[in-house]
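Student: I have a structure I would like to understand better, so I am pasting it below and will then ask my questions one at a time.
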Amino acid sequence: MKQREPRRKVMLRARMRCGADWDDVLIHNMSSRGLLATADTPCPRGTVIEIRRIHHVIIGRVVWQKGAYFGVRTQDRIDIDGILAAKPPTDKPAPSQDDRRAADRPSASIADREARSRYVARMVQFAVMIAVVGTAALLMASEIGSVLSRPFATIGANLDGSATHAADHATP
């Protein structure tokens with residue numbers, strides 16, 4: 001049987017996310033790959049949790065739970081000394097060249113942002129006005145077309161002679 005790694009007794013308060021909820025948690029002991037903690041609402045076995053303590057984030061799975069106590073097997077090795085000293089993690093990866101958050105971005109002044117906002121508002125207003133005028137023009141053209149089609153239909157019928165033929169056949 002494999003000997004388990006020695007535990008280091010600690011009493012650390014932290015925040016724990018279990019599902020969508022955050023809760024206070026008290027860590028009682030830690031090893032490089034796990035910890036023992038208590039919480040008012042412990043997570044059931046198999047739940048993936050996230051524990052945050054100052055600069056450190058510990059992600060793990062609850063492997064056992066009894067009452068308020070539960071044991072967590074962590075995804076990565078735990079820097080126990082760093083957590084106790086409240087120092088930032090030493091193994092934090094350097095930002096890559098593809099990381100757009102690390103790149104220097106030009107900071108736009110308030111006046112530049114205001115001018116850009118005004119320009120966008122003018123363009124939206126212009127587009128709305130074009131749509132309104134275009135719709136009104138189409139409706140007006142349709143109405144004028146229907147009003148003018150009636151007299152032209154009558155004139156066309158009289159020129160064609162179909163109106164006189166109908167009158168000739170109607171009188172016996």
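The values are calculated or read from the model by the stated rules, or taken from the named source; none is laboratory data. If you're wondering where the values come from, they're calculated on a predicted model, not measured in any experiment. Ideal geometry is used to build each Cβ from the backbone, glycine not excepted, and the neighbour counts take in all protein chains shown. SASA here: full protein model, heavy atoms, side chains in, ligands and nucleic acids out. Shrake-Rupley method; radii C 1.70, N 1.55, O 1.52, S 1.80 Å.
Student: Quick one: 3J(HN,Hα) in Hz for segment 42-57, Karplus 6.51/-1.76/1.60 with θ = phi - 60°, rounded, Gly and Pro as x.
Tutor: So the J values, rounded to whole Hz, are x, 8, x, 4, x, 6, 8, 10, 10, 10, 10, 9, 6, 8, 9, 10.
Student: Still on this structure, I have one more. For the pair VAL10 and SER32, how long in nm is the line joining their label points, each one 7 Å along Cα→Cβ?
Tutor: 1.5
Student: What is the gain in length, in nm to one decimal, between ALA108 and ARG150 on full extension, counting 0.36 nm per residue of separation less the C-alpha to C-alpha distance?
Tutor: Gain on extension, ALA108 to ARG150, equals 8.9 nm.
Student: Right, something else. Rank these residues by their accessible area, most exposed first, probe 1.4 Å: MET11, MET16.
Tutor: Largest to smallest exposure gives the sequence MET11, MET16.
Student: Still on this structure, please answer the following. Which whole-Hz ³J(HN,Hα) couplings does segment 130-146 yield from phi under the Karplus relation 6.51 cos²θ - 1.76 cosθ + 1.60, θ = phi - 60°, glycine and proline marked x?
Tutor: 4, 5, 5, 5, x, 5, 4, 5, 5, 5, 5, 4, 5, 5, 4, x, 5
Student: Given the Cα-Cα distance of ASP81 and LYS2 and 0.36 nm per residue of separation, how much length would full extension add, in nm?
Tutor: Stretched fully, the ASP81-LYS2 segment lengthens by 25.9 nm.
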